[in-house]
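A short worksheet on the structure shown next.
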C-alpha cells in the first residue's frame with residue numbers, strides 16, 4: 001500500500017506538471033484528492049490493516065497528500081501569475097492617449113431653490129412633510145376653511161378628476177394631513193408640485209412648485225411668524241434685506257399678510273427687478289385659522305400656530321433674474337448649464 005501511495009504521488013506530480021490551464025489543474029486535483037480520487041480510495045482501504053500498519057500507512061498517506069497539495073498550490077499560483085501577465089499585455093493602458101471628457105450634469109434651478117429653502121428651515125428645526133398630488137376636495141378646500149363659493153373651486157381654476165378628487169392647487173393639504181396625524185408641537189415645511197388651470201405665459205404655468213410651512217405650539221404669535229420669515233429672507237437673499245408685512249386675506253389664516261423684501265438688486269432704490277417700488281413680494285402668511293386647527297382636533301384655547309407659503313418659481317426667478325417662467329420647463333440645456 002505504501003508503494004501504491006508513492007506511485008500516486010509520482011503520477012500526480014507528472015499530471016500537475018503537464019497541466020496547461022487552471023481547468024486542467026483543477027481536474028488533476030479532483031482525480032487524486034476528490035471524494036472519488038485515487039488517494040481517497042487508498043485511505044478507505046486502511047480499515048483492513050492492523051493498528052501498526054494503519055499508523056505507518058497513515059503517516060505516509062498524509063505526507064503524500066501534503067506533497068500533492070503543495071504542488072497544486074504552486075501550480076495554481078503560477079497559473080494565476082501567467083494569466084495576470086497575459087491580461088496586462090492585452091489590456092495595458094496607453095497613458096499618453098488623451099482622456100475622454102466627461103460632461104457632468106447640473107441641478108435644475110427649481111431643485112436648487114427647493115433645496116436651499118429646505119436647508120434654511122430644517123436648520124431652524126422644521127421637518128419636511130410630503131403628501132399626494134392627487135387630493136380630496138376636503139383636504140384641498142374644505143379643511144382649509146375655503147367657502148363653498150370660493151373662486152378657486154371653479155372648474156376654470158382647478159383640475160378635477162371627479163366631484164371629490166382633484167389635482168392639488170397648493171401644498172396646504174399636507175398641512176391638513178399633518179394636523180390630523182400629529183399632535184403639537186408641530187414644525188413642518190411641505191415642498192411639492194401644484195396644479196392650476198393657467199394659460200402658460202411669461203409668469204404663469206399650469207404646473208408649478210410651492211413650499212408651505214406650518215408651526216403649531218402653545219403661545220405662538222404674529223411676532224414669531226415675523227421673526228421666522230425675516231430670518232429666512234436674510235438667509236436666502238442676504239443679511240442686508242429688510243422685510244415688510246402687508247395686511248391681506250387668506251381663508252385658512254387670520255390675521256393674514258403678504259411679505260415683501262427690499263429689492264436685493266437695487267437695495268430699495270427702485271429698478272427693473274422691483275418695478276421701481278424698491279420692494280418685491282415673495283410669500284403669503286398668517287396665523288392659522290381656528291377652524292383649520294379644529295380639523296386636527298387641536299385645542300384652540302391652548303394652541304395656536306402660523307402658516308406661510310411661497311412659489312418656488314417666483315423665488316428662483318427673482319434670485320436668478322429669470323424673466324420668463326417657461327425657461328424653467330423647456331429643458332434647454334444652454335439655460336440649465338448656466339447653473340453650474
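Just so it is clear, none of the values below were taken in a lab; they were calculated from the coordinates. On a predicted model such as this, the values are computed, not experimentally measured, just so you know. Please note: Cβ atoms are built from the backbone with ideal geometry, for glycine as well, and neighbour counts cover all protein chains shown.
Ordering of 83-91, 7-15, 212-220 by packing is 212-220, 7-15, 83-91, highest average first (other Cβ atoms within 10 Å, averaged per residue). For a test of the definition: using alpha carbon positions, the gyration tensor, and the 1.5 limit on a/c, classify the range 63-115 as rounded, prolate or oblate. The shape class here is oblate. Using only Cα atoms, tell me the angle between helix 109-123 and the longest principal axis of the chain; keep it within 0 to 90° and round to the nearest 10. Between helix and principal axis, roughly 90 degrees. Seen through its C-alpha gyration tensor, with square-root eigenvalues sorted a ≥ b ≥ c, the range 240-340 comes out oblate because a/c lies at 1.5 or above while a/b is not bigger than b/c. Of the peptides 102-110, 283-291, the ranking by mean beta-carbon count within 10 Å, highest at the top, reads 283-291, 102-110.
Based on C-alpha pairs under 8 angstrom that are at least 6 apart in sequence, the chain has a relative contact order of 15 percent.
Once the Cα atoms of helix 22-33 and of the chain are each reduced to a long axis, what angle between those two axes, in degrees from 0 to 90 to the nearest 10, is obtained? With both axes taken from Cα atoms, the answer is about 60 degrees. Counted over the chain, the DSSP beta bridges are approximately 95% antiparallel.
Shape class of the range 109-339 from the alpha-carbon gyration tensor: oblate, with a/c at 1.5 or above and b/c at least as large as a/b.
For residue 45 and residue 239, compute 0.36 nm times the residue count separating them, minus their Cα-Cα distance, and round to one decimal in nm.
The residue 45-residue 239 span can extend by a further 60.7 nm.
Report the gain in length on full extension from residue 291 to residue 320: 0.36 nm times residue separation, minus Cα-Cα distance, nm rounded to one decimal.
Using 0.36 nm per residue and subtracting the Cα-Cα distance, I get 6.6 nm.
The order of the peptides 70-77, 310-317, 149-156 by mean Cβ neighbours within 10 Å, most packed first, is 310-317, 70-77, 149-156. The angle between the Cα long axis of helix 172-181 and the longest principal axis of the Cα atoms of the chain comes to about 70 degrees, rounded to the nearest 10.
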